[in-house]
1. Taking amide H positions as placed in the peptide plane 1.01 Å from N, state which residues far from PHE151 in sequence (5 or more) or on other chains have amide H under 5 Å from it.
2. Multiplying the sequence separation of ASN37 and VAL62 by 0.36 nm and subtracting their Cα-Cα distance, what value in nm do you get?
3. Through the Karplus equation 6.51 cos²θ - 1.76 cosθ + 1.60, θ set to phi - 60°, convert the phi angles of region 140-152 into ³J(HN,Hα) values in whole Hz; use x for Gly and Pro.
4. What FRET efficiency comes out for LYS72 versus GLU132 if R0 is 45 angstrom and r is the Cβ-Cβ distance? Round to the nearest 0.05.
5. Can you give the relative contact order of region 27-126 as a percent, counting alpha carbon pairs under 8 Å and 6+ residues apart?
6. Which of rounded, prolate, oblate describes region 76-127, given a ≥ b ≥ c as roots of the alpha-carbon gyration tensor eigenvalues and a/c under 1.5 marking rounded, otherwise prolate only if a/b is larger than b/c?
7. Setting aside same-chain residues fewer than 8 positions from LYS184, which lysines have a Cα under 17 Å from its Cα?
8. Going by C-beta contacts inside 10 Å, put GLU172, GLU132 in order with the fewest on the left.
Amino acid sequence: MKSICIFASGTGTNAGNMIRHFQYSPLAKVVLVVCNNEKAGVVTIARGLSVKTVIVNNDELVNEGILTGMMKNHGIDFIVLAGFLRKIPGDFIRAYNGKIINIHPALLPKFGGKGMYGLKVHEAVLAAGEKETGISIHYVTEQYDEGKIIFQAKCAVEKDDTPQTLEKKVHELEYRYFPVETEKIIAAYES
Ligand code: GRF
């Protein structure tokens with residue numbers, strides 16, 4: 001049984017969905033949630049689902065070795081970023097190379113990079129006049145949103161869409177695909 005740690009900063013709907021999915025998986029379980037904001041919704045969701053949840057401060061996020069040590073102490077095999085808004089230390093990314101995945105709410109390589117999160121992404125998609133948007137699941141590297149893309153799913157951008165309606169459509173794709181695609185990635189390591 002593999003152990004997953006989720007990093008999240010916000011509402012935590014994807015984290016909750018991922019935790020529930022893996023409660024029924026013979027392959028892996030979410031055993032730890034890391035959050036940088038004790039008031040974030042994800043903290044309530046994860047604790048409500050009985051997953052150990054750790055709040056990290058700025059020092060822990062910038063000092064190499066601390067997060068990596070925390071993962072080793074909890075026996076973590078895979079890391080899932082689900083709306084984590086802080087930069088991850090380089091040593092951590094190197095230690096878990098190929099085992100850290102992120103979900104981005106647009107079709108990378110477009111609309112990614114620093115500052116592209118939340119409604120800003122959907123606003124940019126609308127401003128660019130895109131006909132479609134979607135989700136990208138990708139490996140995490142030291143550059144924001146630039147790691148190899150593993151999976152994408154698309155939805156249409158309609159004339160009357162707003163950033164809020166796009167966010168809803170994209171969330172629906174995330175809920176449908178993120179847990180199952182994560183499980184496939186873990187299974188591929190196992191085979
Ligand atoms: C999601 O849209 C995800 O793509 C992005 O952050 C958002 C997190 O939403 N990386 P939630 O906190 O899971 O509701």
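The numbers here are math on the coordinates, done by the rules we state, and not lab data. Everything numeric in this text was worked out from a predicted model, so none of it was measured. Here Cβ is always computed from backbone atoms with ideal geometry, including for glycine, and neighbour counts include all displayed protein chains.
1. Under 5 Å from the amide H of PHE151 lie the amide H atoms of ILE137, each far enough along the sequence or on another chain.
2. So the extension gain works out to 7.5 nm.
3. Per residue, the Karplus-derived 3J(HN,Hα) values read 9, 10, 6, 9, 3, 6, 10, x, 3, 7, 9, 7, 9 Hz.
4. Working from the Cβ atoms, E equals 0.65.
5. 20 percent
6. Prolate shape, in that a/c is at least 1.5 and a/b is the bigger ratio.
7. LYS2, LYS29, LYS99, LYS148
8. GLU132, GLU172
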